[in-house]
1. Placing +1 on the Cβ of each Lys and Arg and -1 on the Cβ of each Asp and Glu in the chain, which of GLY14, VAL76, LEU64 has its Cα farthest towards the positive end of the resulting dipole?
2. May I ask you to give the solvent-accessible area per residue for the chain, in square angstrom, as obtained with a 1.4 angstrom probe?
3. Quote the charge dipole size of segment 35-86 about the Cα centre in Debye, to the nearest 20; the model charges only the Cβ of Lys and Arg (+1) and of Asp and Glu (-1).
4. Mind listing the long-range amide H neighbours of LEU39? Cut-off is under 5 Å, sequence gap 5 or more, other chains count too, H placed in the peptide plane at 1.01 Å from N.
5. So which GluC sites (Glu not before Pro) in segment 14-86 pass both tests, a DSSP loop state and at most 12 other Cβ atoms within 10 Å of the Cβ?
6. Run the 1.4 Å probe and let me know the accessible area of LYS78, rounded to the nearest 10 Å².
7. Please give the charge dipole size of segment 1-85, origin at the Cα centre, charges +1 on K and R Cβ atoms and -1 on D and E Cβ atoms. Round to the nearest 20 debye.
8. Give me the percent of the accessible area of segment 18-77 that comes from carbon and sulfur atoms, probe 1.4 Å, all protein chains in place.
Amino acid sequence: MEIFIAALFFLFIGVIVIAIRGKIAERRLQKCIDNGKVLYNGKSIELSESLSEYEKQRLEIERLLYLKSSRLMTGVFKLYNKNSQY
């Protein structure tokens, strides 16, 4: 019984960590979309060619974290096009 409760606790903590990290990645990507560093057309996320290698690596990590989180928690995360009202 204790093992089951411990497993549920760690599962709950894991989901919370994924949700928080996904929200952080979503905010960072949305800022980059609004600044023009990331191109977003509603379906795909592409990095701009004018970025340095460091920025490309950092944004690629954010993109992967966002995609994994949004697939796990469908409907929680949403990116908007550049200069959107949302």
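1. Positive-end residue among those listed: VAL76.
2. 76 Å²
3. 280 debye
4. It is GLU46, LEU47, SER48, by chain and number.
5. Counting only loop positions with at most 12 other Cβ atoms within 10 Å, the GluC sites (Glu not before Pro) in segment 14-86 are GLU49.
6. 110 Å²
7. Charge dipole of segment 1-85: 220 debye, to the nearest 20.
8. Here it works out to 54 percent.
The values are calculated or read from the model by the stated rules, or taken from the named source; none is laboratory data. All values derive from a computational prediction rather than experimental measurement. FYI the Cβ positions are ideal-geometry reconstructions off the backbone, even for glycines, and counts take in every protein chain you see. In case anyone asks, the SASA skips ligands and DNA or RNA and just uses the protein heavy atoms, side chains included. Shrake-Rupley method; radii C 1.70, N 1.55, O 1.52, S 1.80 Å.
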